[in-house]
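Written out below as structure tokens is the structure these notes cover.
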Amino acid sequence: MRRRNLIALFIAAGLVAGSALWVRNYLATPLTIPAQGYRLEITPGTAWSAVARRLSDDGITAFAPVLTAFGQLTGQSGRIQAGEYDLLPGLTPGTLLQELVSGRIVLHKLTLVEGWSVREMLRAIRAEPALQKTLRASPAGDVAAALAHELGLPWQSAEGAFLPETYLFARGTTDREILSRAHKALNDRLNQAWATRRPDLPLANPYELLILASIVERETALASERPLIAGVFIRRLQRGMRLQTDPTVIYGLGPRFDGNLTRVDLETDSPWNTYTRDGLPPTPIAAPSGASIDAASRPVDGKALFFVASGNGDGSHQFTATLKEHEAAVRDYLATLNRRNGN
């Protein structure tokens, strides 16, 4: 009897030892992850056991209960971070848990482009599937005013209120969170520029600087020209001249603009028509880049009061100090266009 008990004890000990060895081997053996990788999404509040079952269902591991028990015994299952993970071949159950605890999640990108309007920004946000949509403001109607109200911005319009940059975010981030980050970034850049601005600028506050920067942004795509164009507008404001800039008129036309700016458009009054009204328009007309904000705060000194496209095809402009010189530059530009068109 004693001999049989001893034999049973040895067998049980062998089974335990064999099981322990098997578990160690399992934990050290790479999971069955495809060569192209495997994306795992863990939503907030998901239990570790549910994650392990999903990995089993997808063929990543055949032993979900062992994986579940390992996470619970080590205490790692309670520290797993929600989010998306790109799992690559070579991960073992142990290193998998380390990855999930570390929170090295997949980050998506949203780029807000320099010169975009609020309407264009909202379209890009609504087209990004990884963002959670919570905003009610519609691209139709006065979307800039509606969005400013919805976000609680300190301005009447959300136009120009977001810094054009590429923003990284985790899946499930809300559209409101992204725009809040972009607005904070804009405010930081704007306040810094205002604090270091040229002291003689005819601008009353940072918001007027933002309005001017948005006009500079829409007038040129060349970084080297932004301080020059800002200088033209600053001198016009100082002399009481109207800005007479086409992009403000186009903004005021809104969806009615068909790509062809006519004399009637220039003569039709609106709050944004800088041909019919003095000073700056009431709001920005686009999202200015940090470079345009800096240019508006520290424009280049000079005598130029006019500029017109050079006709070189590189987006550059010809700057002149007098109306006579400007009219000659316009004639040169039109002659260049006619030659290019074969007329």
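Quick notes
- Between L186, L253, L131, the Gaussian network model of the chain with springs among Cα atoms under 10 angstrom shows the greatest mean-square fluctuation at L253.
- Cβ-based exposure ranking for F162, F319, in which fewest neighbours within 10 Å come first: F319, F162
- Here the extension length gained between F63 and E177 equals 37.1 nm, from 0.36 nm per residue of separation less the Cα-Cα distance.
- Residue of S56, S270, S289 that the Gaussian network model of the chain assigns the largest fluctuation, springs spanning Cα pairs under 10 Å: S56
- Separation of region 222-301 from region 111-165 is 21 Å, based on Cα centroids.
- Sites matching GluC sites (Glu not before Pro) across region 219-285 that sit in DSSP coil, with at most 15 neighbouring C-beta atoms within 10 Å: none
- Prolate/oblate/rounded label for region 198-250 (Cα gyration tensor, a/c 1.5): rounded
- Annotation: amide H of E84 within the under-5 Å range of I42, V106, R171, sequence separation 5 or more or interchain, hydrogens built in the peptide plane.
- Net charge dipole, the chain: roughly 1360 debye, given to the nearest 20, about the Cα centre with Cβ charges of +1 for Lys and Arg and -1 for Asp and Glu.
- A cut-off of 5 Å between modelled amide H atoms, ignoring neighbours fewer than 5 places along the same chain, links H317 with S310.
- Exposure proxy order (Cβ contacts within 10 Å, fewest to most) of S316, S77, S292: S316, S77, S292
- Against the set (1) 65, 20, 18; (2) 43, 37, 18; (3) 36, 23, 18, the structure's computed semi-axes √(5λ) of the Cα gyration tensor in Å falls on (1).
- Beta bridges by DSSP in the chain, antiparallel share as percent, to the nearest 5: 95 percent
- Loop-exposed trypsin sites (Lys or Arg not before Pro) per DSSP, neighbour cap 13 Cβ within 10 angstrom, longest uninterrupted part of the chain: 137-302
All of the numbers you see were taken from the coordinates with simple rules; none came from a lab. Worth saying up front: this structure is predicted, and the values here are computed from it rather than measured. Here the Cβ is made from the backbone with ideal geometry for all residues, glycine too, and neighbour counts use every protein chain on show.
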